[in-house]
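Undergrad: Below you'll find the structure I mean.
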Amino acid sequence: CRIVVLVSGNGSNLQAIIDNCDDHLLGEVVGVISNKPDAYGLIRAHHHEIDTSTVIAQESETREDYDARLQIVIDKYQPDLIVLAGFMRILTPQLVNDYLGKMINIHPSLLPKYPGLHTHQRAIDAGDFVHGTSVHFVIPELDAGPTILQAKVPVYEEDVAHDLALRVHEQEHAIYPMVVKWFSQQRLQMKNGQCYLDGQL
Ligand code: GRF
């Protein structure tokens, strides 16, 4: 399974996936793409001799034009799976539809709760006792694709957003590589807008 990972920042989820692909049996990260030239995820990729590309948005460029350029770079790697790992851009329906069933994202909340930004603070503000993270297939609607796997974490009274972020990250590093492995074993499918694992809903 040829895997391309899109990052904008630290890339700790990228690292978790690289570390779990070490034996090349599950799949191989063949490229890392960033919209930010200084994303630490690019340095992580270099450490593992993984090819990298940077696609920087130009002023005055439309979202469609950016995504058309991004798509050329993605396709260069001929990926079977596209993994969004902290890629902080909203993708156009056109791009998303071209990769339906082949693109996954990790989002730091128990979707459908808290799509969008500032999820940890929102969970705290709502007084939630449980928070977490979700891996889902990407569809044009933001953070709304069918859920593949979620992990929960407790929220403690004294928590600030940073505490929760750390707790959520730890779970992300456990579940994202697992989902990538399932996909590369061809156990995962999106059909009619729903997620199937081993043929089961
Ligand atoms: C993660 O919390 C993920 O849920 C969100 O962006 C963050 C990326 O973190 N989509 P990292 O760059 O993988 O460390």
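Undergrad: Where does the range 135-201 land on Rg(C-alpha)/(2.2 N^0.38 Å)? Kindly include the intermediate steps, with their values, before the conclusion.
TA: Numbers: Rg = 14.3 Å, N = 67, 2.2 N^0.38 = 10.9 Å.
So the Cα radius of gyration is 1.32 times the expected 2.2 N^0.38 Å.
Undergrad: How much of the calculated P(r) for the range 1-40 lies past 12 Å, in percent of all Cα pairs? Write down the numbers at each step before the final one.
TA: Working: 434 of 780 pairs.
The proportion of pairs with Cα distances above 12 Å equals 56 percent.
Undergrad: Per 0.36 nm of contour for each residue apart, how much would the distance between E49 and M88 grow if the chain were fully extended, relative to their Cα-Cα spacing? Each step should come with its number before you reach the end.
TA: Values: separation 39, 0.36 × 39 = 14.04 nm, distance 2.39 nm.
Result: 11.7 nm gained on full extension.
Undergrad: Can you show me the helix-derived [θ] at 222 nm for the chain, built from DSSP H runs with n ≥ 4 at -39,500 (n - 2.57) apiece and divided by the number of residues, rounded to the nearest 500.
TA: That calculation yields -10500 deg cm²/dmol at 222 nm.
Undergrad: How are the C-alpha pair distances of the chain spread across 5 Å bins, as whole percents from the shortest bin up?
TA: So the P(r) values, bin by bin, are 1, 8, 16, 19, 21, 17, 11, 5, 1, 0.
Undergrad: Name the shape class, rounded, prolate or oblate, that the alpha-carbon gyration tensor gives for the range 53-111, where a ≥ b ≥ c are the square roots of its eigenvalues, rounded holds for a/c under 1.5, and otherwise prolate holds if a/b is larger than b/c and oblate otherwise. Present the calculation step by step, with values, prior to reporting the outcome.
TA: Values: a/c = 1.72, a/b = 1.26, b/c = 1.37.
Oblate, since a/c reaches 1.5 and b/c is not below a/b.
Undergrad: Right, here's the next one. Once you place label points 7 Å from the Cα toward the Cβ at E141 and E64, how far apart are they in nm?
TA: Placing both labels 7 Å beyond Cα along the Cβ direction yields 2.3 nm.
Undergrad: For the range 105-201, state which GluC sites (Glu not before Pro) are in a DSSP loop and have at most 14 other beta carbons lying within 10 Å of their beta carbon.
TA: Details: sites: E141, E157, E158, E170, E172; in loops: E141, E157, E158.
Here the sparse-neighbourhood loop sites are E141, E157, E158.
Undergrad: Still on this structure, please answer the following. If you take every DSSP beta bridge fully contained in the chain, what fraction is antiparallel? Give it as a percent rounded to 5. Kindly include the intermediate steps, with their values, before the conclusion.
TA: Working: 16 of 32 bridges.
The antiparallel fraction comes to roughly 50 percent.
Undergrad: Another one. At most 15 other Cβ atoms within 10 Å and a DSSP loop assignment: could you name the GluC sites (Glu not before Pro) in the range 59-107 that fit?
TA: Working: sites: E59, E61, E64; in loops: E59, E61.
Passing both the DSSP loop test and the Cβ count: E59, E61.
Undergrad: Please compare each pair in K76/K181; K76/K113; K152/K181; K76/K152 to a cut-off of 27 Å on the Cα-Cα distance and tell me which ones are over it. Mind showing how you got there, number by number?
TA: Numbers: K76/K181 22 Å; K76/K113 35 Å; K152/K181 20 Å; K76/K152 36 Å.
Over 27 Å apart, Cα to Cα: K76/K113; K76/K152.
Read-outs: derived from the displayed coordinates by stated rules, not from any lab. Note that the structure is a prediction, hence the values are computed from the model and not measured. A quick note on method: Cβ atoms are made from the backbone with ideal geometry, for glycine too, and the neighbour counts reach across all protein chains shown.
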